[in-house]
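The values are calculated or read from the model by the stated rules, or taken from the named source; none is laboratory data. All values derive from a computational prediction rather than experimental measurement. FYI the Cβ positions are ideal-geometry reconstructions off the backbone, even for glycines, and counts take in every protein chain you see.
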Amino acid sequence: MPREVREVVFVDGVRTPFGKAGGMYAETRADDLVIRCIRELVKRNPQLPPERVDEVAIAATTQTGDQGLTIGRTAALLSGLPKTVPGYAVDRMCAGAMTAVTNVAGGIAMGAYDIAVAGGVEHMGRHPMGEGADPNPRILTEKLVDPSALVMGSTAENLHDRLPHITKERTDAFALNSQIKVAKAYANGKLQPDMVPVAIRSSELGWGLATVDEAPRETSMEKLATLKTPFRPHGRVTAGNAAGLNDGATAAILADEATARELGLPVAMRMVSFAYAGVEPEIMGYGPIPSTEKALKKAGLTIDDIGLFELNEAFAVQVLALLDHYGIADDDPRVNPWGGAIAIGHPLASSGVRLMTQLARHFEEHPEVRYGMNAMCIGIGMGGTVIWENPNWEGFDK
Ligand SMILES: CC(C)(COP(=O)(O)OP(=O)(O)OC[C@H]1O[C@@H](n2cnc3c(N)ncnc32)[C@H](O)[C@@H]1OP(=O)(O)O)[C@@H](O)C(=O)NCCC(=O)NCCS
């Protein structure tokens, strides 16, 4: 059967405010966070007949308890989508939601789906990183990886060792800038439109409404310099220049472009290419460099074609490794214009769609930019990159 590859578009994305692990969502179920996101997507896109959703792919790193039982399916049912809509769970740790998006994108491109929902959730308060994991001891005894490869903060210290020109001062300055940019973005109302308020409860405080991220804070180079280095004595990685431990969820609608236009759904971004790559697990944060190389090559682009970057800030050192690789300045205004995970937080499997949702908003504000990119590092030594085209660019081929 002759088959045409179809264009995949990002229609709309939302997220919950991100909490600190054990903070405002301590008594909120993880699945309720992602259900809230799916419901909001359906509500704010009334042109989408819910029965037209062909798949719901939801990521979570720890898939037990309220993140278990193939969460894409249970979240779809509880979101009020028709029972005919299938769903499943995805795991690629920090790139869970990114993988959910690229999985459904593959299905859309080959014609298996017209419309899909993809997202992720991580309640790191209820499911601490690595909970229940039982890594095969041979991975260490056969020296496939160093024990430090299994502790993400230690992999960031290892990256500092390999790239000594990335000093602690540079990572602290990058972290401070992330906090400043987030505060400014909040003040200018940039982050709120895609944030879904969540009803929360606390046995002590009663009912409440989460409307803003819990983690951002005012800080300074002086304060950052005094923080402990929990992953190594006299190390460089601190609570200030790393993303924290967070709770939150995201979801997005992806569609075949022709179907989106037929239904009158917005076309916020068109997918150009994506790639994942593996690196030595001990320097996990290096992963986005080869994944970006691959994604650029597949797209026939170079880094100079990319006008906007939404990069996950798992650790300042890994973002700076990518920026250095491409000769981009630490404070380049094209990079994370509204700050990033160091300030906002990084609820592992949910973050990929937050990056995409923000990039879509940047595209609206920057019709002069044709291409933008998301990239993130991934546990056990990987990176993921997705390149998108801006439909607001004047030469965009509809
Ligand atoms: C780094 C890490 C261990 C810190 O955890 P933590 O100790 O619970 O963090 P806290 O928020 O309590 O911060 C520690 C201290 O630094 C302070 N602090 C944190 N960020 C700060 C900032 N930006 N400015 C000033 N002080 C700050 C806190 O107030 C706290 O001070 P205290 O000890 O006096 O109370 C944890 O956030 C972590 O593991 N991050 C990485 C997560 C990860 O690996 N994700 C996956 C990526 S692949």
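Structure above, values below:
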| quantity | calculated |
| --- | --- |
| Test for residue 121: is it within 16 Å of the ligand (Cβ to nearest atom), surrounded by 22 or more Cβ atoms within 10 Å (Cβ to Cβ), among the β-branched types (Val, Ile, Thr) and at negative phi | yes |
| Segment 219-229, residues that are closer than 17 Å to residue 156 by Cβ and assigned to a loop (DSSP other than H, G, I, E, B) | 227, 228, 229 |
| Residue 60, sole failed condition from (1) over 30 Å from residue 206 (Cα atoms); (2) within 16 Å of the ligand (Cβ to nearest atom) | (1) |
| Condition broken by residue 293, with the remaining ones in (1) surrounded by 24 or more Cβ atoms within 10 Å (Cβ to Cβ); (2) more than 15 Å from the ligand (Cβ to nearest atom); (3) not aromatic (Phe, Trp, Tyr) satisfied | (1) |
| Qualifying residue in segment 19-26 (condition: surrounded by 24 or more Cβ atoms within 10 Å (Cβ to Cβ), of a type outside the set (S, T, N, Q) and assigned to a strand (DSSP E or B)) | yes |
| Extreme residue, surrounded by the most Cβ atoms within 10 Å (Cβ to Cβ), among residues of segment 230-264 that are more than 9 Å from the ligand (Cβ to nearest atom) and in a loop (DSSP other than H, G, I, E, B) | 236 |
| Scan of segment 336-364 for residues that are in contact with a Lys or Arg (Cβ under 9 Å, 6 or more places away or on another chain) and among the charged types (D, E, K, R), ordered by number | 354, 361 |
| Yes/no for residue 216 being more than 13 Å from the ligand (Cβ to nearest atom) and either modelled with pLDDT under 95 or not small (Gly, Ala, Ser) (or both) | no |
| Residue in segment 135-164 that is farthest from residue 315 (Cα to Cα), counting only those that are at pLDDT below 95 and among the β-branched types (Val, Ile, Thr) | 141 |
| Test: residue 43 is surrounded by fewer than 24 Cβ atoms within 10 Å (Cβ to Cβ) and within 16 Å of the ligand (Cβ to nearest atom) | no |
| Helices (runs of 4 or more DSSP H) contained entirely in segment 70-164, each with at least 1 residues that are under 24 Å from the mean Cα position of the chain (by Cα) | 71-78, 96-109, 152-162 |
| Pick from segment 212-240, criterion of a type outside the set (A, V, I, L, M) and closer than 12 Å to residue 343 by Cβ, ranking: nearest to the chain's Cα centre (by Cα) | 213 |
| For residue 318: the one exception among (1) closer than 26 Å to residue 195 by Cβ; (2) assigned to a loop (DSSP other than H, G, I, E, B) | (2) |
| Number of positions in segment 378-398 that are within 16 Å of the ligand (Cβ to nearest atom) and in contact with a Leu (Cβ under 9 Å, 6 or more places away or on another chain) | 4 |
| Options 324, 331; residue that is acidic (Asp, Glu), in contact (Cβ under 8 Å) with a residue 40 or more places away in the chain and either touching a strand residue (DSSP E or B) at 6+ places or on another chain (Cβ under 7 Å) or not in a helix (DSSP H, G or I) (or both) | 331 |
| Residue that is of a type in the set (A, V, I, L, M, F, W, C), surrounded by fewer than 16 Cβ atoms within 10 Å (Cβ to Cβ) and without any contact (Cβ under 8 Å) to a residue 60 or more places away in the chain, where the choices are 209, 224 | 209 |
| Residue check, residue 360 out of contact with any Cys (no Cβ under 9 Å at 6 or more places or on another chain), within 12 Å of the ligand (Cβ to nearest atom) and either of a type in the set (Ser, Thr, Tyr) or not in a loop (DSSP other than H, G, I, E, B) (or both) | no |
| Some residue of segment 170-180 being away from the ligand (no atom under 14 Å from the Cβ) and either at pLDDT 95 or above or part of a strand (DSSP E or B) (or both) | yes |
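Conditions tested, residue by residue: (1) aliphatic (A, V, I, L, M); (2) under 20 Å from residue 272 (Cβ atoms); (3) crowded, with 24+ Cβ neighbours inside 10 Å.
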{"position": "343", "(1), (2), (3)": "yes, no, yes"}
{"position": "347", "(1), (2), (3)": "no, no, yes"}
{"position": "350", "(1), (2), (3)": "no, no, yes"}
{"position": "356", "(1), (2), (3)": "yes, yes, yes"}
{"position": "379", "(1), (2), (3)": "no, no, no"}
